[in-house]
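Structure first, commentary second.
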Amino acid sequence: MVELERRGIPTVIFTARAFVDDARRSAASFGLPGLPLAVVPLPFTNRRPDAIHRMVEAAFDQVVAGLTRPVEMPEPVERPAVEDRLAYEGPDALDAWERMNRDFLRRGWGDGFPLVPATPRAVEAMLRGTTREPADVVATLEPGFGLATVEKLAVNAVMAGCEPAALPLLVAAVRCLAAPKMYIRNKAMSTGPHAPLVLVNGPKGRAAGLGSGMCALGPGAPSVANTVLGRAVRLVMMNVGHTYVGVSDMDTIGSPLKYSLACAENEAESPWEPYHATRGYPREASTVTVHFVYGICELHDFRSTAPEDLADVFATAATNVAQVGTGLWLIGRRADPRYKTEEKEHNTLFVCPEHAQLFARAGWGRAELQAALYRRARLPFRTLMLNKEPQAFQTAHPELAWLADHPDLPLPVVEEPGCFDIAVVGGAAGRGAYFYGAGEPVTMPVED
Amino acid sequence: MASLTVLSPVARTVEHSVKPAPRLRSLEGATIGLYWNMKAGGDAALDRAEALLRERSPGARVRRYTGSVGWLMRHCTAEDADRIAAEVHAVIGTTND
């Protein structure tokens, strides 16, 4: 709508009351904070037409006013402190620290867990983890168009509990977040629970102490470097990207995965080439991959000894229509028109070493497993369309209109076999994880 | 008393500014675009908005639009925006939740 206003066309948007702040924030980030809204009490989703019609009737005067009355530009909102040093006092250091945590939470700068104080000395030590200058701008991070300087990343890394060796990993993760293909604006601001899954490959991850085996996704001491790196990514999304819950992050249900979700690939126990090699990087390179995911499902099988049987089990995880990405290709592709990017919906599998070795002993590589999943993970057209707009299907795939006459025809849940991203993670015994993804992963090299 | 000094984690932002379009004097005689991003229920909302528009401004005309790219939500490309801007005087949208 802002783009139409820019072209001289007055606009007004229906907006549910709960999303007014989000709409204003979004419009403001694109330069038009006064964008007229016609506020209705509830979202239109999951409502019968008569209920929607009543809301529109009640709001129609706002529609007319939005198109005919001068736009009122709101007063500029008070910007949070950017370069300030903040001082907290208390009877003792613990009390001062508690005050800092309470204040940070009040300002919306925390994730809910206690934060490590980013003292000048701690930030200086963190900055020794990189050769880059503190003022270097790594990226401009949406949705708030925050300038991700190395120093701001270091501050958030300290707050998360990272060691200096993690800073280059965080820098690479932020470059992933900011890549046009990531379309982070959508994933950060959505009503869905998008969590950045961070996968580290190569020697720099190992040097930073990242875990890839036993309980790699946490909690506990073996995965502490993973936990704090994932946490730092979330804090950066908030304080650098200005993704604040209830303001610019409209996630309606939330997810524990959003606190932290990071690990390394278990390259030592993998029978396959490392994941980053499948994405075009040299085997010896260090990389960070970020893939936004909605949810997680265990991949459990202690019984199968044949790869086909194990693939049968894994495929059942992929056929969950209540997960938004399942069959989403039928209604188009995630797309950011500003950058002319399009994403296929991917899902990430963390296959445990034991299962990976079972596949490998039978001569299966990643490609064979991807193909097997693609063949097996199918659902009838009518089932895939249960929670999708028919008109969106007709718009995205007019060439497939004939499917309406074949509602029971099984169709793949993803667009192509390559939409299953496979990494080897975890410890002994047959348990892995299936992540329901949102769009495509992005991989960046780790630089000192 | 103990004192604790910390650095702010909050980044400076790049600011954008867009001047709002001039508003219409009246909807009578205007061509109004109705833009649906294909989120469920938005079509029903625009159906009612169109009916109300015709009741209140019988001389108004409407044109329906959606974006040419996207999935759960369909977005306008720059080309879509150019085309819409060339065809209508104002737009009513259902692009938020």
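Annotation: of all residues in segment A:63-75 being farther than 16 Å from B:Leu34 by Cα and in contact with a helix residue (DSSP H, G or I) (Cβ under 9 Å, 6 or more places away or on another chain), the one that is modelled with the lowest pLDDT is A:Pro74.
With a requirement of 2 or more residues that are under 27 Å from A:Pro70 (Cβ atoms) and either aliphatic (A, V, I, L, M) or within 7 Å of another protein chain (Cβ to nearest Cβ) (or both), the strands (runs of 3 or more DSSP E) lying completely within segment B:1-69 that satisfy it span B:31-36. When segment A:339-348 is limited to residues that are more than 20 Å from A:Thr319 (Cβ to Cβ) and more than 8 Å from every other protein chain (Cβ to nearest Cβ), the one that is surrounded by the most Cβ atoms within 10 Å (Cβ to Cβ) turns out to be A:Glu343. Taking the condition in contact with a Lys or Arg (Cβ under 6 Å, 6 or more places away or on another chain), over 26 Å from A:Asp111 (Cα atoms) and either assigned by TED's automatic domain parsing to the domain that holds A:Val351 or touching a residue at least 24 places away in the same chain (Cβ under 8 Å) (or both), does A:Ser286 pass? Criteria met by A:Ser286. No other residue among A:Ala96, A:Ala139, A:Ala122, A:Ala154 is of a type in the set (A, V, I, L, M, F, W, C), farther than 16 Å from A:Leu235 by Cβ and free of Cβ contacts under 8 Å to residues at least 40 places away in the same chain apart from A:Ala96.
May I ask you to verify whether A:Val39 is surrounded by fewer than 20 Cβ atoms within 10 Å (Cβ to Cβ), out of contact with any Phe, Trp or Tyr (no Cβ under 7 Å at 6 or more places or on another chain), in a strand (DSSP E or B) and at pLDDT 95 or above? It is true that A:Val39 is surrounded by fewer than 20 Cβ atoms within 10 Å (Cβ to Cβ), out of contact with any Phe, Trp or Tyr (no Cβ under 7 Å at 6 or more places or on another chain), in a strand (DSSP E or B) and at pLDDT 95 or above.
Here segment A:229-249 is the region considered, the condition is being more than 12 Å from chain B (Cβ to nearest Cβ) and more than 12 Å from the chain's Cα centre (by Cα), and the residue that is surrounded by the most Cβ atoms within 10 Å (Cβ to Cβ) is A:Leu229.
When A:Leu386, A:Leu299 are screened for being buried (at least 20 other Cβ atoms within 10 Å of the Cβ) and touching a residue at least 24 places away in the same chain (Cβ under 8 Å), only A:Leu299 passes. Which one is farthest from the other protein chains (Cβ to nearest Cβ) among residues in segment A:87-114 that are in a helix (DSSP H, G or I) and under 24 Å from the mean Cα position of the chain (by Cα)? Top of the filtered list is A:Leu105.
Each row is one residue, and each column tells you yes or no for (1) in contact (Cβ under 8 Å) with a residue 24 or more places away in the chain; (2) in contact with a Lys or Arg (Cβ under 8 Å, 6 or more places away or on another chain); (3) within 19 Å of B:Lys39 (Cβ to Cβ).
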{"residue": "A:Gln323", "(1), (2), (3)": "yes, no, yes"}
{"residue": "A:Ala335", "(1), (2), (3)": "yes, no, yes"}
{"residue": "A:Asn347", "(1), (2), (3)": "yes, no, no"}
{"residue": "A:Gln357", "(1), (2), (3)": "yes, no, no"}
{"residue": "A:Glu368", "(1), (2), (3)": "yes, no, no"}
{"residue": "A:Tyr374", "(1), (2), (3)": "yes, no, no"}
{"residue": "A:Leu379", "(1), (2), (3)": "yes, no, no"}
{"residue": "A:Ala401", "(1), (2), (3)": "no, no, no"}
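The condition of being farther than 29 Å from A:Met73 by Cα, of a type in the set (Val, Ile, Thr) and either surrounded by 22 or more Cβ atoms within 10 Å (Cβ to Cβ) or in contact with a Leu (Cβ under 8 Å, 6 or more places away or on another chain) (or both) holds for only one of B:Val18, B:Val6, B:Val14, that being B:Val6. Checking each residue in segment A:309-322 for being surrounded by fewer than 20 Cβ atoms within 10 Å (Cβ to Cβ) and either in contact with a helix residue (DSSP H, G or I) (Cβ under 7 Å, 6 or more places away or on another chain) or within 14 Å of another protein chain (Cβ to nearest Cβ) (or both) picks out A:Asp312, A:Ala315, A:Val321. Taking the criterion of being part of a helix (DSSP H, G or I) and not small (Gly, Ala, Ser), the residues of segment B:70-97 that qualify are B:Glu79, B:Asp80, B:Asp82, B:Arg83, B:Ile84, B:Glu87. Checking each residue in segment A:403-418 for being among the acidic types (Asp, Glu) and in contact (Cβ under 8 Å) with a residue 60 or more places away in the chain picks out A:Glu415, A:Glu416. Test A:Arg107 against the criterion of being modelled with pLDDT under 95 and surrounded by 12 or more Cβ atoms within 10 Å (Cβ to Cβ), and give yes or no. Taking the combined requirement at face value, the residue satisfies it. Any residue at all in segment B:22-29 that is within 18 Å of the chain's Cα centre (by Cα) and among the hydroxyl-bearing types (Ser, Thr, Tyr)? No, segment B:22-29 has no match at all.
Could you tell me whether A:Val198 is farther than 28 Å from A:Pro353 by Cα and either modelled with pLDDT under 95 or buried (at least 22 other Cβ atoms within 10 Å of the Cβ) (or both)? For A:Val198, the condition - farther than 28 Å from A:Pro353 by Cα and either modelled with pLDDT under 95 or buried (at least 22 other Cβ atoms within 10 Å of the Cβ) (or both) - is not met.
Of the residues that sit in segment B:74-87 and are touching a residue at least 12 places away in the same chain (Cβ under 8 Å) and under 13 Å from the mean Cα position of the chain (by Cα), which one is surrounded by the most Cβ atoms within 10 Å (Cβ to Cβ)? Per the criteria, the residue is B:Arg74.
Of all the residues in segment A:146-158, those that are in contact with a helix residue (DSSP H, G or I) (Cβ under 6 Å, 6 or more places away or on another chain) and either surrounded by fewer than 24 Cβ atoms within 10 Å (Cβ to Cβ) or farther than 28 Å from A:Ala27 by Cα (or both) number 4. With a requirement of 1 or more residues that are farther than 19 Å from A:Ala268 by Cα, the helices (runs of 4 or more DSSP H) lying completely within segment A:347-448 that satisfy it span A:366-376, A:381-384, A:390-396. Please go through segment A:250-282 and pick out each residue that is surrounded by 24 or more Cβ atoms within 10 Å (Cβ to Cβ) and closer than 30 Å to A:Ala23 by Cβ. Selection gives A:Ser260, A:Leu261. For segment A:146-222, the helices (runs of 4 or more DSSP H) that sit wholly inside it and include 1 or more residues that are more than 20 Å from A:Val293 (Cα to Cα) are A:150-160, A:167-178, A:203-207.
For every residue, the table says whether it meets (1) over 18 Å from A:Leu349 (Cα atoms); (2) part of a helix (DSSP H, G or I); (3) not aliphatic (A, V, I, L, M).
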site: A:Met238; (1), (2), (3): yes, yes, no
site: A:Cys263; (1), (2), (3): no, no, yes
site: A:Pro271; (1), (2), (3): no, no, yes
site: A:His276; (1), (2), (3): no, yes, yes
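The values are calculated or read from the model by the stated rules, or taken from the named source; none is laboratory data. Source: prediction; values computed, not measured. Ideal geometry is used to build each Cβ from the backbone, glycine not excepted, and the neighbour counts take in all protein chains shown.
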